[in-house]
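Reading through the structure tokens given below for one structure.
Bear in mind these aren't lab numbers, they're just calculated from the coordinates by the rules spelled out. Computed from a predicted model, the values in this text were never measured in an experiment. Don't worry about glycine lacking a Cβ; one is built from the backbone with ideal geometry, like all the others, and counts go over all protein chains shown.
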Amino acid sequence: MKAVIVYASVHHGNTKKIAEAMASVISADVIDVTRKIKPDLSGYDVIGFASGVYFHTFHERIKKCIEENLFSKGQKVFLVATCGLGYRDYTKGIKDILAKKHVSFIGNFQCRGWDTYGIFGKIGGIAKKHPNDRDLKEAQQFVLKTVCEKTIDDVALLG
Ligand SMILES: Cc1cc2nc3c(=O)[nH]c(=O)nc-3n(C[C@H](O)[C@H](O)[C@H](O)COP(=O)(O)O)c2cc1C
């Protein structure tokens, strides 16, 4: 199983931390889509798209990448978002794009990430210290279960 996580993380690197933690337990490649604008995603069985939330949605480069990519039959996709305010599901709009493209969607993960945008900056930000160790562990548990049907204990046992 070949996996890749394509991410955009332009505020504090919150999403990058989550993407790298996930990638480390499933041996996935990671691609920063703000540096590599048109990544070659052919040849991957599973693709994760991860983004900070900017004005209620994913980074435009992630959206463009999904819109322009030709997904092959059998490729599976999961979504990851980090956000300052965790009260709603920010992956909804992206799920709609995937559905229109008939892409096989296997799940989404969302957690809070340190947010100093606008007025929040004046108070040192919100969701300070996120993603924390617990967020990273939950992210790893999600990806192991969703992509490999394994638990973190299975991986520990395997050493
Ligand atoms: C320009 C901008 C707009 C943002 N808009 C939202 C938003 O609409 N909802 C929200 O919950 N968080 C919002 N945030 C907070 C980020 O989603 C949060 O800090 C996220 O973890 C950033 O991820 P990153 O460090 O990977 O870029 C915004 C941050 C920035 C810089």
Inset, instruction - Please tell me which of these pairs span more than 29 angstrom C-alpha to C-alpha: 38/150; 101/137; 16/145; 16/101; 101/128? - result: 38/150; 101/137; 101/128
Inset, instruction - Multiply the residue separation of residue 148 and residue 133 by 0.36 nm, subtract the distance between their alpha-carbon atoms, and state the gained length in nm to one decimal. - result: 3.2 nm
Inset, instruction - For segment 1-77, just say rounded, prolate or oblate: build the C-alpha gyration tensor, square-root its eigenvalues into a ≥ b ≥ c, call rounded for a/c under 1.5, and beyond that prolate if a/b exceeds b/c, oblate if not. - result: oblate
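What number, rounded to the nearest 500 deg cm²/dmol, is the helix-based mean residue ellipticity at 222 nm of the chain, given -39500 (n - 2.57) per DSSP H run of at least four residues and division by all its residues? If you can, show how the numbers build up before the last one.
Numbers: 5 runs with 49 residues, N = 159.
Mean residue ellipticity, 222 nm, calculated: -9000 deg cm²/dmol.
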Inset, instruction - May I ask you to derive the relative contact order of segment 1-110, considering only C-alpha pairs under 8 Å and at least 6 residues apart, and to give it as an integer percent? - result: 26 percent
Inset, instruction - Could you check what % of the DSSP bridge pairs in segment 3-158 are antiparallel, to the nearest 5? - result: 5 percent
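Please compute the volume of the convex hull spanned by the alpha-carbon atoms of segment 3-158 and report it per residue in Å³. Could the numbers behind the result be given before it?
Working: hull volume 16.0 nm³, N = 156.
Here the figure is 102 Å³ per residue.
Remind me, relative contact order of segment 91-159 in percent, using alpha carbon pairs under 8 angstrom and six or more residues apart? Each step should come with its number before you reach the end.
Values: 44 pairs, mean separation 14.1, N = 69.
Answer for segment 91-159 is 20 percent.
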Inset, instruction - Exposed loop chymotrypsin sites (Phe, Trp or Tyr not before Pro) only (DSSP loop, at most 16 other Cβ atoms within 10 Å): please give the longest stretch of the chain free of them, not including the sites. - result: 1-54
